[in-house]
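Asker: What follows is a structure written as structure tokens; I'll ask about it next.
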Amino acid sequence: MAVATETPPRVSPARRARSRALARFVRHRLALFGLGAIIVLVLLCAVGPYIWPYNDLRIDIRHRFAEPFMSAHILGADALGRDLFARLMIAGRVSLTVGFAAMAISTVIGTFVGTIAGYFGGAIGSMLMRFVDAVLCFPSIFLLLALAAFVQPNLFTITLVIAATAWMEVARVVEAQIRSLRERDFALAAKVLGASDAHIMFHELLPNAVAPIVVASTLNVARAILLEAYVSFLGYGIQPPTPSWGNMLNNAQEYLATAPWLALLPGLFIILAVTGFNFVGDGLRDALDPRLDIT
Amino acid sequence: MTQPRQMDPGALLQVDDLSVRFRSDAGVVSALNGVSFAVRSGETVALVGESGSGKSVTSLAIMRLTPSPPGCQVGGHVWLRGTDGVPLDLLALPSEAMRKVRGDRIAMIFQEPMTSLNPVLTIGEQIAEAIAVHRGTARASAWDAAGDLLELVGIPEPRARLATYPHHLSGGMRQRVMIAIALSCDPALLIADEPTTALDVTVQAQILDLLRRLQKRTGMAVIFITHNLGVVAEIADRVMVMYAGRIVEQAAMRTLFQAPRMPYTVKLMHSVPRLQIGGERVVLEAIPGSVPDPTNLPPGCAFAPRCSHAAEGRCDAVSPALEEVGAGHFVRCVRWREIADGVGR
Amino acid sequence: MTRFLLRRLAQSLVLLWLVSVIGFAVLHLAPGGPLAEFTLIPGMTTAQLKLIAHQMGLDRPLPVQYWEWFRRMLAGNWGRSYRDSQPVLYVIAAHLWPTLELMVSSTVIAILLGTWVGVLGAIRRYSVFDYLATVGAMIALSIPTFWFGLVVIYIFSVKLAWLPAGNLYTIGNGSFLDYAVHLISPSIVLALVTIAIWSRYLRASMLEVVNQDYIRTARAKGVPEQTILFRHTIRNALLPMITIAGLQLPTLLSGALVTETVFTWPGMGRLFLDSIGYRDYPVVMGILMFSAVLVLLGNLAADLLYAAADPRIRLD
């Protein structure tokens, strides 16, 4: 019996099916890896400083630029001899806190704007969404720096400023979801029964939009951590001596030739955290709503 | 394996024991199970059946265009008489040789004229491409030939149309363009997969008329796939009825309409509305039940679960063989004789 | 076509207006508002400030102030830099070219590489290459641009000493080659994110086109696979990418700012950062508005280009 397989002819059907299954598995594994990375990082930053013998602020001139793995400073020391690992853990507290807090605020703003715009539609809805479009016209780093330049930078203001530049995506996602849900039977039924607009919006419709909100918020944590790193690296975010992953890279460029680990290590922590949230967000998108997947 | 089996001397295309299986999440889908038939030069054979019966898969398998992503296995033989008279097994051809057959010896038109043309290429480019691919013709003369083809398929102002894009044309006009592409290399066989289904009734009639005229002119054979028995009556010389990936009845068009033997064919005819003036009222019957799950076909006759003549222990036991019940009339039913003699119920 | 054009133009004008409202609001957020300029001058008294405020019309209702400000913006009067008293638009124009150069060269790199990765990922779906591209793109989107810049400098400038660590050119050497060599590292750094985004979207777009009926038609015509890929599939898959490219402009500008900082590249991004350092609010505001307008125009241009490239748009 002749067997023909089409385009590409060399791959057997069995192999193709196997690799499809593999695709799902790998996808899932990436999300698990991301979750694992986040848990490890959070635990490390929360508990680590209590266990680790070095303090993040203790200056130890004898160990300036200690190389990683060469002394008790396992990840080396910076220009003032401060233990890098201790600093990375404390910086992680700051960066992760800013990330989570900015996510929470931007999710609340975005959900609120998106719900109002999606529910009322018409002039209010389109005006709100055009406003979202207009904010998105500003490159986020420019807007972020302009706002940050006007405020006294501290943990709280930086979080607010980041949230102010990161809520638009959530608003778009929620608006689209609410707009499509608004015409469904249960919303109309609630309306006929005399429920108030606020009740329909926040009790009937919003719970049905939780899945995309969760996905968008997870990706927003990644975004917020990155934005904090950018603005702190550029000198307008978290101010020394409080370390953050971004501001630890502040002066690292000067020492690139002599102490490259000062630049590499904080970056790796940022990448690990951001990748973690991106993987989890992507996995959640696959799991909660496969139609949203662009891949 | 590639040694040509005895190919019917009159046949242009001979399909032997063609089977197609897809691997899906639900299990292995048996889309086609041992389909065999032949098509002679110049004749029109209609493939009839409900959706999911395997008509389209048959045509795609002949062209080797079955969709690749769901791991798809095609088995059997498809013999095509080459220009030199020597039979070629299409399923065993290297893909490059098969590509040269497509659009040249065998051409195909599809159900959806609205989406079957590339939206960003002009009509002229799309017709000329087919000519250039197979004839290596220079651009200018391919363009000229494309204009002639548009004229042939009855498109007004053919030469001006060459530079327009598909979205400028109606569905009927686009289907004419598809036919022009199909005819560009004088194929010996045209496979028309529900070419009129998506069109208005009046446009349908025009397209059928066009196909008939062109066939007379070029002498090509046509495999016409449809679920519309009215269309079959208008165009076919012979009819093959398909059900659950098998041919269940095969006969000359008149024979089939006058004396259908397979209970499924009978039911299919009764489910078609007919316009009758002054005649007795015909009650429209829907066929009870639905097409069987292709991942889990019944062990016996696939139609048995829906058949009012089904006999326990016989119809559901073994899959019936295709039996010759008259000259060129074949039926896949163990009880055809009893039913014909009127002792069916 | 005309209707499409008019609709897009109207939408852009509404957006432009909203952008200006946001810009105006941000300006008034500044400590001291538009008066900040004068509060910095030593010896300035409250009474004098009040007088200036009156002269500048700051005691008038906000809508009136907005209208005055907006009119001046439209007329090209964007104020003067505190640092050197040059008109803001002039200062921006002087720094625009290096930024554009960087953006164009990185976009060219990104489109070439991203197209290659995206197309190959789509035609070899679920292959090892496809996985690496998928995971690689997600990691690339998680890398801070400045960090990637530092890594590139460390490898290619510090360790290998193949490429300069920054600047537009070597002082005293104005050759084309010298310019080109300086452009390599920052372009690659800026391209990373765009490559990731472009390849992901193109892969998705390719996978959509591959299943279209007209691809099956091309196959039924006997068109060789190579020709189907280039003439039919990629061509159609690239169409929606025009819009995607337009939407990437804000990200690209943000990336340019960071890249310019790392590579001491004298462009608009660096100017922006320096101006923030000097509290040079007119320039900060100017660049903020300018970049938003640039993004707006970029999106409009992408839409027009899309309309020109897709014959179907001409209908409405």
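Asker: By accessible area of protein heavy atoms, probe 1.4 Å, what ranking do B:W79, A:W52 get, highest first?
Answerer: Output order, biggest surface exposure first: A:W52, B:W79.
Asker: Follow-up. Give, in nm to one decimal, the length gained when the segment between A:T97 and A:A257 is fully stretched (0.36 nm per residue of separation minus the Cα-Cα distance).
Answerer: Contour length minus Cα-Cα distance gives 54.4 nm.
Asker: What's the local net charge at C:A237, with K and R +1, D and E -1, over the other residues with C-beta under 13 Å away?
Answerer: Value of the local net charge: +2.
Asker: R0 = 35 Å: FRET efficiency of C:L49 with C:V21, Cβ-based, nearest 0.05?
Answerer: Efficiency computed from Cβ-Cβ geometry: 0.85.
Asker: A follow-up question, please. Cut-off 17 Å, label point 7 angstrom out along Cα-to-Cβ of B:E285: give me the residues of the stretch B:303-345 whose amide nitrogen falls inside.
Answerer: Residues B:303-311, B:335-345 qualify, since their backbone N sits under 17 Å from the label point.
Asker: Please calculate the 1.4 Å probe accessible area of C:L294, with all protein chains present, and give it to the nearest 10 Å².
Answerer: Approximately 50 Å² of C:L294 is accessible to the 1.4 Å probe.
Asker: I'd like the accessible area for A:M201, computed on protein heavy atoms only with a 1.4 Å probe and all protein chains in place. Round to 10 Å², please.
Answerer: 10 Å²
Asker: Evaluated at 10 °C with a viscosity of 1.306 mPa s, what Stokes-Einstein diffusion coefficient in µm²/s does the stretch C:54-122 have when Rh comes from the Kirkwood expression over alpha-carbon pairs?
Answerer: 100 µm²/s
Asker: Now a separate question. So which lysines can B:K55 reach, going by Cα to Cα under 22 Å and dropping same-chain residues fewer than 8 places off?
Answerer: Cross-link targets: B:K267, C:K221.
Asker: A follow-up question, please. In nanometres, what is the gap between the two model label sites at A:T157 and B:E323, each 7 Å from Cα along Cα-to-Cβ?
Answerer: Using points 7 Å along Cα→Cβ, the separation is 9.4 nm.
Asker: As a test of the formula, what do you get for chain B when each DSSP H run with n ≥ 4 contributes -39,500 (n - 2.57) and the sum is divided by the residue count, at 222 nm and rounded to the nearest 500 deg cm²/dmol?
Answerer: -8500 deg cm²/dmol
Asker: In Å, what is the Rg of the alpha-carbon atoms in the stretch A:196-237, and how long is Dmax?
Answerer: When restricted to Cα atoms, the stretch A:196-237 yields Rg and Dmax of 16.3, 48 Å.
Asker: Helix B:201-218: angle to the longest alpha-carbon principal axis of chain B, degrees 0 to 90, nearest 10?
Answerer: The two axes meet at around 70 degrees.
Asker: From the alpha carbon gyration tensor of the stretch A:21-287, can you work out the equivalent ellipsoid semi-axes (sqrt of 5 times each eigenvalue) and give them in Å, largest to smallest?
Answerer: Value: 42, 21, 14 Å, ordered largest first.
Asker: Report, to two decimal places, the Cα Rg of chain B normalised by 2.2 N^0.38 Å (N = number of residues).
Answerer: 1.04
Asker: Also, quick follow-up: Okay, helix-only estimate at 222 nm for chain C: each DSSP H run of n ≥ 4 adds -39500 (n - 2.57), divide by all residues, round to 500 deg cm²/dmol; what do you get?
Answerer: -23500 deg cm²/dmol
Asker: Which of rounded, prolate or oblate describes chain C when judged by the alpha-carbon gyration tensor and an a/c cut-off of 1.5?
Answerer: Taking the square roots of the gyration eigenvalues as a ≥ b ≥ c, chain C is oblate.
Asker: I would also like to ask the following. Against the globular-protein guess of 2.2 N^0.38 Å, express the Cα radius of gyration of the protein assembly as shown as a ratio, rounded to two decimals.
Answerer: Ratio of Rg to 2.2 N^0.38 Å for the protein assembly as shown: 1.18.
Asker: Please report, largest first and rounded to whole Å, the three semi-axes of the ellipsoid equivalent to the stretch B:118-185, where each semi-axis is the square root of five times an eigenvalue of the C-alpha gyration tensor.
Answerer: Semi-axes, largest first: 17, 12, 11 Å.
Asker: At q = 0.10 Å⁻¹, what is the base-10 log of I(q)/I(0) for the stretch A:121-207 according to the Debye formula with one equal point scatterer per Cα and no solvent? Please give it to two decimals.
Answerer: Ignoring solvent entirely, the Cα scatterers give -0.39.
Asker: Starting from the exponent 0.38 and prefactor 2.2 Å, build the expected Rg for the stretch B:1-125 from its residue count and divide its actual Cα Rg by it.
Answerer: With N residues counted in the stretch B:1-125, Rg over 2.2 N^0.38 Å equals 1.14.
Asker: A further question follows. Students sometimes get this wrong: rank C:Y278, C:Y169, A:Y50, B:Y264 by accessible area, probe 1.4 Å, all chains present, largest first.
Answerer: Sorted descending by solvent-accessible area, the residues read A:Y50, C:Y278, C:Y169, B:Y264.
Asker: Once fully extended, how much extra length lies between C:I184 and C:W162, figured as 0.36 nm per residue of separation less the alpha-carbon to alpha-carbon distance?
Answerer: Value of the extension gain: 6.9 nm.
Asker: Quick one: angle between helix A:140-150 and the longest Cα principal axis of chain A, in degrees between 0 and 90, rounded to 10, please.
Answerer: Here the helix axis deviates by roughly 60 degrees.
Asker: For labels at A:N208 and A:R184 in the simple 7 Å Cα→Cβ model, what's the distance in nm?
Answerer: Taking the two extended label points, one gets 0.3 nm.
Asker: For chain C, modelled as a GNM with alpha-carbon contacts under 10 angstrom, which of C:T194, C:T259, C:T227 fluctuates the most?
Answerer: C:T227
Asker: Same structure, new question: Enter the angle in degrees (range 0 to 90, nearest 10) between the Cα long axis of helix A:122-137 and the first principal axis of the Cα atoms of chain A, meaning the one along which they spread out most.
Answerer: Taking Cα atoms only, the helix is inclined about 30 degrees.
Asker: Among B:Q204, B:Q250, B:Q175, which one moves the most in a GNM of chain B with springs linking Cα atoms closer than 10 Å?
Answerer: With Cα springs under 10 Å in chain B, the top fluctuation among B:Q204, B:Q250, B:Q175 is at B:Q204.
Asker: Which semi-axis lengths, in whole Å and largest first, follow from the square roots of five times the eigenvalues of the Cα gyration tensor of the stretch B:106-235?
Answerer: Whole-Å semi-axes of the equivalent ellipsoid: 23, 16, 12.
Asker: Order the following by accessible area, largest value first: C:D59, B:D209, B:D89, B:D25. Probe radius 1.4 Å; ligands, DNA and RNA are ignored.
Answerer: B:D25, C:D59, B:D209, B:D89
Asker: Suppose we take every Cα in the stretch C:94-270 and form the convex hull; what volume per residue is that in Å³?
Answerer: Residue-normalised Cα hull volume stands at 133 Å³.
The values are calculated or read from the model by the stated rules, or taken from the named source; none is laboratory data. Nothing here was measured: the structure is a model prediction, and the numbers come from that model. Glycine also receives a Cβ, built like all others from the backbone with ideal geometry; neighbour counts cover every protein chain displayed. Areas reflect the complete protein model, heavy atoms only, side chains present, ligands, DNA and RNA absent. Shrake-Rupley method; radii C 1.70, N 1.55, O 1.52, S 1.80 Å.
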